[in-house]
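Input: a single structure, listed below in structure tokens.
Nothing in this text is a laboratory measurement; each read-out follows from the coordinates by a stated rule. Since this is a predicted model, take the numbers as computed values, not measurements. A quick note on method: Cβ atoms are made from the backbone with ideal geometry, for glycine too, and the neighbour counts reach across all protein chains shown.
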Ligand SMILES: [Zn+2]
């Protein structure tokens, strides 16, 4: 008797041959996939306590969001259509700088609920401030059943830009406290919750961290086999900063201070040039593409097809509530598939298959978890998502990969499974009370706005 069988589905395996099975089935036992094949074969060999019908559904590996700001879910839509400096200085930093650990917990629940319901099973959170209560956030990951890499931010400077972009006081942290908290979180949480929690280092961008601190953290990460993530080359000013201060490109600077390697995920890369690509390839550094955030904040369009061509492992991320403003990987996949075609004037650029790889197997590699997640294969953890095709926007389904990338959205997700545990069943969250999550986020968000004295701008009169 196995734990779970899903049968009758169109299975996009993402295995090494990229097989797609019609009328396919998957058997799960002890958190892992023990068989993948045609439904009649699997049903002959196994019986299960729980059976889920995959009829009229597409089964895909759980989506992997490699760039998430959990704390920003609760400040969704607070700073739309404004320039980057005021975006940070007048809204995002001020709001985040007024967070309490309770706000951090509530925002993490809101964010994780949205991710699970839209088919994200693993994520990399990039910068947790001590204000957000990292311990409480780890508890939310444990309780909700999702798989999460949680990066504690570290910094020792207040930002590179001119006087007017100095970081909000509430966002500044002491470097040695950052290190101490990260190490103690690592001792306490690494591998906890059946191996679903991972503790990473979340570097602030060059300009907010000294080369010495980068090097110190790089050493600690190597010794402890920990991951590091950092925003790099997001805006033009990032290039000007490393050029003027160190006479280096962002990638050269990152390499020299230890912020490159197989355990490193660098985010955005909008202003990374082809001359820098070999540094990523040689060091095995991963690139996380966030097309929605880059487009909305008018940062630009990263050279993603060119990076893939050069051999860089590129994954995908939704970024945050004020920059995207949703945590729905289907939206992100769609945009990643179309935005580069518009830029290159070539419809063969970024085919649907490539984008699905970025959201699954490439994400798994970026997190150093490709042995466990990223595809539907025997021996891997059962992180699975069923997409319901009996919906207007998915009818008809001639090519399942095409529909997943170009037509689907998060609301088409019917079932989300992590570690063999059903977390979303028939579109309903099993480990969170959805109504309560929404209500609490509304209440606390309103109080936060008042406490931080931030007024939401509208171009139209609102009575
Ligand atoms: Zn970000």
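Structure notes:
- Distance between the modelled labels on residue 222 and residue 391, one decimal in nanometres: 4.7 nm (7 Å Cα→Cβ projection).
- Across the chain, the mean sequence separation of Cα contacts (distance under 8 Å, 6 or more residues apart), normalised by length, yields a relative contact order of 21 percent.
- Exposure proxy shown here: for 39, 47, the number of other Cβ atoms within 10 Å sets the order, fewest to most, as 47, 39.
- Each 10 Å bin from zero holds the following percent of Cα-Cα pairs in the range 273-407: 12, 38, 38, 12, 1.
- Over the range 63-366, volume per residue of the alpha carbon convex hull, in Å³: 113 Å³
- Nearest 10 degrees, 0 to 90: helix 175-189 Cα axis against the chain principal axis: 20 degrees
- 0 to 90° range, to nearest 10: angle between helix 101-117 axis and the chain longest Cα axis: 40 degrees
- Cubic angstrom per residue, convex hull over Cα atoms of the range 1-86: 175 Å³
- With neighbour counts taken as other beta-carbon atoms within 10 Å, the residues 416, 2, 144 rank, fewest first, as 2, 144, 416.
- Helix axis angle, 211-224 relative to the chain longest principal axis, alpha carbon, degrees: 30 degrees
- Relative exposure of 225, 425, judged by other C-beta atoms within 10 Å (fewest first): 225, 425
- Estimated purely from DSSP H runs of n ≥ 4, each contributing -39500 (n - 2.57), the mean residue ellipticity at 222 nm for the chain is -10000 deg cm²/dmol once divided by its residues.
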